[in-house]
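Note sheet for the following structure.
What follows is calculated from the coordinates using simple rules that are stated; it is not laboratory data. Everything numeric in this text was worked out from a predicted model, so none of it was measured. For neighbour counting, all protein chains shown are included, and Cβ atoms are generated from backbone atoms with ideal geometry for every residue, glycine included.
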């Protein structure tokens with residue numbers, strides 16, 4: 001077996017040093033009736049065989065690069081510079097562990113520090129952690145943090161929040177029998193969420209741009225929340241929007257959670273992704289997740305360490321702020337390397353290109369009879385109201401090689417009023433020909 | 001001075017032994033590297049993007065006008081930055097990484113290649129079902145391997161990491177208790193003192209309280225003490241097996257039976273499943289739920305601290321409460337169940353407790369793990385477990401002459417030492433670990449498990465050759481002898497050859513600096 005260096009001679013020699021007659025003797029503590037169980041599984045396979053089998057499975061999927069592609073809703077197709085994938089495959093990054101021995105993990109620690117600095121700047125916040133699993137779990141962690149900060153047990157979730165984010169947050173809060181108020185889906189971005197906030201409210205969670213693509217002004221919501229002593233948690237699922245839209249921090253958010261996939265990380269059928277988590281300094285000690293901090297070594301040289309770990313499970317155990325242990329190490333590296341290449345100049349231009357692609361797509365699709373663009377504002381994603389069930393349209397177009405968007409019925413099966421909605425995203429990867437093909441096929445399908 | 005024919009000194013004894021500082025601070029291949037904020041240009045960029053059309057914005061007046069403050073680096077600067085940083089890291093591809101409980105085994109590159117196939121890497125999670133049958137097949141196939149290897153009837157694939165898998169298992173237990181009206185009374189969870197910190201943290205995150213089960217003198221759960229603690233208020237136990245001392249819980253069946261008789265559930269922390277994978281089915285031991293760290297047992301890369309992946313197998317009693325989404329198969333065609341509303345009428349996920357993450361879990365880790373499993377096969381997985389246990393016992397046997405083992409007898413996949421051999425030497429566990437760095441090794445896990453004083457937990461894994469292990473053991477034996485010979489000063493100073501000497505963690509926590517700030521703003525503060 002190509003991955004196992006020991007040969008039978010080694011094994012015999014080692015057993016004699018140990019003083020055991022056989023390997024099974026080393027397993028003597030296992031109940032005999034449970035040892036050496038039978039498994040209905042195949043035996044080992046060479047590289048070629050494995051690659052062949054998995055290639056066959058991959059070939060059954062239609063990848064985003066295979067034709068006109070307009071899916072978004074929390075995962076976006078962007079171009080990733082070739083440099084990024086090379087960097088994350090460096091052995092020293094790919095095959096390192098959590099930087100628990102900082103003297104020989106400065107590479108990981110320094111990029112985490114740089115990552116935290118970039119995320120805080122993007123979010124318009126004072127501090128950011130070294131990442132969460134993804135945006136949705138970050139959202140749930142933010143709600144739990146608001147609960148610790150305010151000691152209140154009612155969360156209000158906007159109808160513009162990605163319904164899977166809302167479901168994750170609800171699942172986590174329900175463990176504590178908290179009140180979770182989820183506003184109905186709000187395609188026009190016109191909901192009156194402020195009126196739901198009361199003195200019991202721990203947090204209001206609002207996505208911006210929201211799941212329908214609307215760009216929201218968070219400031220009035222922030223003021224209303226703060227008036228009642230609640231926190232405003234802003235969720236961003238498209239990190240490229242940070243380059244175009246006023247930051248949540250500037251609009252008064254207390255916690256910003258975002259999905260960082262768009263920068264440096266492939267679609268990957270939903271994971272692994274990278275959750276960005278930023279907040280105000282005053283909530284630092286209530287934050288979940290790892291933090292990297294600057295310090296010096298005994299010679300006075302600058303270096304970095306994991307810090308404030310007295311919040312974390314490996315030190316605080318049952319008193320920890322979260323049970324989270326892993327972060328998204330390698331995905332943070334992809335994010336920070338891509339962001340280093342972009343710089344502010346590149347990010348802003350990338351955001352503009354995304355916005356223009358969406359504007360052009362909306363204009364082309366909105367011109368079709370019976371198709372209505374629901375949004376007043378949007379960044380790189382918007383919602384169409386079709387004259388018929390959008391799921392059927394999506395299926396018909398997919399069969400013709402166009403991945404048209406996400407139908408409302410997929411995300412809100414409990415809300416039949418969303419079944420004619422189609423959420424469409426357009427990024428820098430979309431070409432004019434893609435838009436024309438999409439428009440032509442949509443016209444035919446309706 | 002001894003010279004060769006070209007006048008080059010051939011012996012080092014004339015060369016000063018202390019390192020002369022260099023002008024740059026670099027040490028040959030170790031090159032100092034500033035932060036991107038110091039290297040980069042705040043108006044620069046390393047990407048060439050087309051000129052925008054300049055159309056008016058439809059952002060509803062919410063344009064970002066403030067400066068973000070992000071440097072851009074050209075492509076060569078970017079490459080050099082990260083390559084220099086990478087050279088300040090230790091990694092499994094460089095040498096033994098014997099972190100106990102962390103399972104740093106070889107990461108096959110075939111798995112990286114497979115994960116990057118466009119059909120997997122460039123696939124949107126909300127692609128219509130007909131266009132992602134291959135991805136659903138991967139999830140289903142990996143689930144089959146995991147169920148068969150564990151002997152459990154159901155698996156929740158979406159948990160994002162080990163701790164998230166623990167949460168999944170404990171949430172399923174809570175949901176099962178709620179379903180039979182016991183949730184209000186069964187509020188206590190029992191976990192050994194030696195448990196991973198995630199266990200108590202997870203239980204609390206589920207709204208339980210936690211009590212510690214004492215260990216017996218062999219390093220295992222004290223069965224009699226456990227039985228005393230069980231009662232109508234106990235929701236379940238969380239036990240790692242093999243445990244964090246590297247020992248198999250001999251009484252595992254009796255433990256499971258006692259918990260079940262008392263009306264509780266048995267959560268098994270599967271962090272150490274690699275010791276028994278392909279040899280033992282946890283389902284045969286009475287387990288109700290167990291997470292599997294794909295990034296440990298099935299070798300998806302640790303990546304400097306993630307991403308992980310923690311699918312969680314469930315017993316028939318817990319299966320109906322499994323989270324959404326999950327994949328179903330009928331006549332070779334795969335479907336996704338994404339909401340509680342869409343759940344099946346019975347069986348796995350019928351009374352789902354809800355959703356743990358957006359989308360379907362760590363797909364990129366699923367493809368890698370499946371590639372690992374198919375490569376190894378059932379025979380290779382068993383051989384890997386045997387070799388891992390053999391390697392750990394070999395290290396334990398070889399080091400016993402100079403170091404003190406925490407418990408007698410064979411270990412499983414990791415060997416646990418305490419600090420008795422360092423008594424009165426002035427050298428502590430941390431000093432011993434830091435001295436290993438100078439010898440070119442990543443230290444073992446230190447000070448964990450908490451039940452052993454000055455613990456040193458060594459997990460070599462099956463990836464180490466005998467030759468590599470012999471060198472490693474020779475180095476540790478020599479360090480142990482040096483410590484006993486009264487060389488404490490050198491240990492306290494270690495490491496001296498690493499990119500950084502010991503770092504001031506106290507100062508880092510006392511006055512946290514968690515991001516770069518412009519020098520001007522710093523002066524104004």
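Worth a mention:
- Folded to 0 to 90 degrees: helix A:135-150 orientation relative to chain A principal axis, Cα: 90 degrees
- In terms of its C-alpha gyration tensor, the stretch A:311-383 comes out oblate, because a/c is 1.5 or above while a/b does not outweigh b/c.
- Measuring between their Cα centroids, the stretch A:388-438 and the stretch B:204-250 lie 51 Å from each other.
- The C-alpha atoms of the stretch B:212-335 occupy a region whose extents along the principal axes are 50, 34, 26 Å, arranged from largest to smallest.
- Multiplying the residue separation of residue B:179 and residue B:404 by 0.36 nm and removing their Cα-Cα distance gives an extension gain of 76.1 nm.
- Span per principal axis, largest first, for the Cα atoms of the stretch B:35-110 (Å): 57, 27, 26
- Cα long-axis angle, helix A:47-58 against chain A (0 to 90 degrees, to the nearest 10): 20 degrees
- Candidates A:283, A:76, A:100, ranked by Gaussian network fluctuation over chain A, Cα under 10 Å, top entry: A:100
- The value of relative contact order for the stretch A:358-446, using C-alpha pairs under 8 Å at least six residues apart, is 32 percent.
- For chain A, the longest principal axis of the alpha carbon atoms and the long axis of helix A:163-174 meet at an angle near 60°.
- Arranged from fewest to most other beta-carbon atoms within 10 Å of their beta carbon, B:302, B:453 become B:453, B:302.
- Mean-position separation - Cα centroids, the stretch B:157-187 and the stretch B:281-322, in angstrom: 14 Å
- Put a dot 7 Å past the Cα of residue B:261, heading toward its Cβ, do the same for residue A:188, and the two dots end up 6.6 nm apart.
- Dimensionless Rg over Rh [the stretch A:167-282; C-alpha; Kirkwood]: 0.96
- Here r is the Cβ-Cβ distance between residue B:39 and residue A:314 and R0 is 25 Å; the resulting FRET efficiency, rounded to 0.05, is 0.15.
- Alpha-carbon centroid distance for the pair the stretch B:415-484 / the stretch A:51-114, whole angstrom: 34 Å
- Of the Cα atoms belonging to chain A, the radius of gyration and Dmax stand at 24.9, 83 Å.
- Each 10 Å bin, from zero up to the one with the longest distance, holds this percent of the alpha carbon pairs of the stretch A:82-337: 8, 32, 36, 18, 6, 1.
- Square roots of 5 times each gyration tensor eigenvalue, C-alpha, the stretch A:256-299, largest first, Å: 27, 17, 8
- Report summary: the helix-based calculation at 222 nm, which adds -39500 (n - 2.57) for every DSSP H run with n ≥ 4 and divides by the residues of chain A, gives -11000 deg cm²/dmol.
- Gyration tensor verdict on chain B (Cα atoms; rounded if a/c is under 1.5, prolate if a/b is larger than b/c, oblate otherwise): oblate
- The stretch B:111-371 pair-distance distribution - Cα-Cα, 10 Å bins, rounded %: 7, 32, 35, 19, 6, 1
- Above 43 Å, the calculated P(r) of the protein assembly as shown contains 32 percent of its Cα-Cα pairs.
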